[in-house]
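Chemist: Pasting a structure here, questions to come.
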Amino acid sequence: MRVLVTGATGFVGRHLCEAFLEAGHQVVALARRESEDLERLGIKLVTAHLEEKESLKTALEEAGEVETTIHNAGLIRAKSLDHYWEVNAIGTFNLLQAMEETGCKPKLLVYISSLAAAGPGRLVKEEDRPHPITPYGTSKLYGEIFVKRGEIPHLVLRPPVIYGPRDKALLGFFRLVKLGVVPNWERFYSLCFVKDLAKACVAASERGLSNETLFVAQGEFTFSELCRAAGRLMGRNPKAVPLPQALLSAVGAVGGLGRCLFGMAPILSPEKAREMRQPAWSCSTERYRVLGLPAPASLEEGFAETIQWYTQNSLL
């Protein structure tokens, strides 16, 4: 099978490419820039920007015929709130239009969305009415809508927070656990180990699974359970200290000001602070079995592999 992966040079995209290669498939990568790492793996690389439909049309024609497209490209942090919409929503629409106008349409389009598109809650189900609370979540939901309204058979995957080797987003969490001090932050979360997401994409492509929306996650955990699991693997018993809500909001406000004044993409923005104040971000995994896969990796297995990568790369 020949597969096109968008956003192939990023954390998730690289794992997707490797998983399809390991399964014996041919991979074409679509990215904003060249990548010698991907080319060394024998992957054909085409470049385009989601905001530019003409560049997408050229890239699709260069890529040639593919059976499956994994649309993974998108923004999780943005220099402006409009940028989420331009890349995640309109960028997806542009890709669909480019496919239609060039005739380079796959037999299956897998769209990597997010739990943020569904909105916060405990054990949210696929059929629950979406209620995103941030511009990022709204942009991913509209990406889903554009995909579902198109004529190409599709599958929408909604992972929660994704982590694993090469991820930097959760590095701060692991560093706090190793330091021995963590926020007293009793919230409920689902996580997604990146290799489980990659396996889900491969399985869906091989089975031709379409017209479904699925969560891909390891289950539900309290924040203290996450801290204890990471602590056991690093020989730490972290102490929980209070984190005032006002402090979280203030730091988010500073990040938002920096975005307005300097055009930077803040790590902690007002919308990210709002996400963090929610009591739960967890999802049901009941329908995961339709992929025909064994259960996702355990939390300890995913954390162990992630910690090992951080350690080997002198990050932890």
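Computed from the coordinates by the stated procedures, all read-outs in this text should not be read as laboratory data. Worth saying up front: this structure is predicted, and the values here are computed from it rather than measured. Cβ atoms come from the backbone with ideal geometry, glycine included; neighbour counts cover every protein chain shown.
Chemist: Once you order the gyration tensor axes a ≥ b ≥ c over the Cα atoms, which shape class does the stretch 140-246 get: rounded for a/c under 1.5, otherwise prolate or oblate by comparing a/b with b/c? Each step should come with its number before you reach the end.
Modeler: Details: a/c = 3.25, a/b = 2.17, b/c = 1.50.
Cα axes put the stretch 140-246 in the prolate bin.
Chemist: Take K44 and L123, extend 7 Å from each Cα along the Cα→Cβ direction, and tell me the distance between the two endpoints in nm.
Modeler: Those two pseudo-labels are separated by 4.7 nm.
Chemist: Still on this structure: Per the helix-only calculation at 222 nm, which mean residue ellipticity applies to the chain, given -39500 (n - 2.57) for every DSSP H run of n ≥ 4 and division by its residues, nearest 500 deg cm²/dmol? Don't skip to the end; give the middle numbers.
Modeler: Numbers: 13 runs with 139 residues, N = 316.
Per the formula, -13000 deg cm²/dmol.
Chemist: Okay, moving on. For I145 and E301 in one chain, what is 0.36 nm times their gap in residues minus the Cα-Cα distance, to one decimal in nm?
Modeler: The I145-E301 span can extend by a further 52.7 nm.
Chemist: Could you sort the peptides 12-18, 290-296, 225-231 by per-residue average Cβ neighbour count (10 Å cutoff), highest mean leading?
Modeler: Most protected by this proxy first, the peptides run 12-18, 225-231, 290-296.
Chemist: Set the bar at 32 Å for Cα to Cα. Now go through K44/K178; K79/K239; K53/K168; K148/K178; K44/K125; K125/K178 and name every pair that lies beyond it.
Modeler: Values: K44/K178 40 Å; K79/K239 35 Å; K53/K168 30 Å; K148/K178 43 Å; K44/K125 37 Å; K125/K178 34 Å.
Long pairs (Cα-Cα over 32 Å): K44/K178; K79/K239; K148/K178; K44/K125; K125/K178.
Chemist: For the chain, give the share of DSSP beta bridges that are antiparallel, in percent and rounded to the nearest 5; count only bridges with both residues there.
Modeler: About 5 percent, rounded to the nearest 5.
Chemist: Which length gain, in nm to one decimal place, applies between E101 and R207 when the Cα-Cα distance is subtracted from 0.36 nm times their residue separation?
Modeler: 35.4 nm
Chemist: Among 110-120, 304-314, what's the highest-first ranking by average C-beta atoms within 10 angstrom per residue?
Modeler: 110-120, 304-314
Chemist: Using the basic label-point model (7 angstrom from Cα toward the beta carbon), what is the Q278 to E186 distance in nanometres?
Modeler: Taking the simple label geometry, Q278 and E186 are separated by 2.1 nm.
Chemist: So, in nm, how far is label L316 from label L179 when the simple model puts each one 7 Å beyond its Cα toward the Cβ?
Modeler: Using points 7 Å along Cα→Cβ, the separation is 1.6 nm.
Chemist: Further, regarding this structure: Which peptide among 210-220, 176-186 comes first, and what is the full order, when sorted by highest mean count of other Cβ atoms within 10 Å?
Modeler: 210-220, 176-186
Chemist: Kindly identify the stretch 1-132 as rounded, prolate or oblate by the Cα gyration tensor criterion: order the square roots of the eigenvalues as a ≥ b ≥ c, call it rounded if a/c is under 1.5, otherwise compare a/b with b/c, prolate if a/b is larger, else oblate.
Modeler: Taking the square roots of the gyration eigenvalues as a ≥ b ≥ c, the stretch 1-132 is prolate.
Chemist: Right, next: What does the extension gain come out to for S80 and E52, with contour length at 0.36 nm per residue minus their alpha carbon separation?
Modeler: 8.3 nm
Chemist: Roughly what % antiparallel, to the nearest 5, for the DSSP beta bridges in the stretch 135-229?
Modeler: 20 percent
Chemist: Assuming a viscosity of 0.692 mPa s and a temperature of 37 °C, what translational diffusion coefficient in µm² per second does Stokes-Einstein assign to the chain, Rh being the Kirkwood radius over Cα pairs?
Modeler: 163 µm²/s
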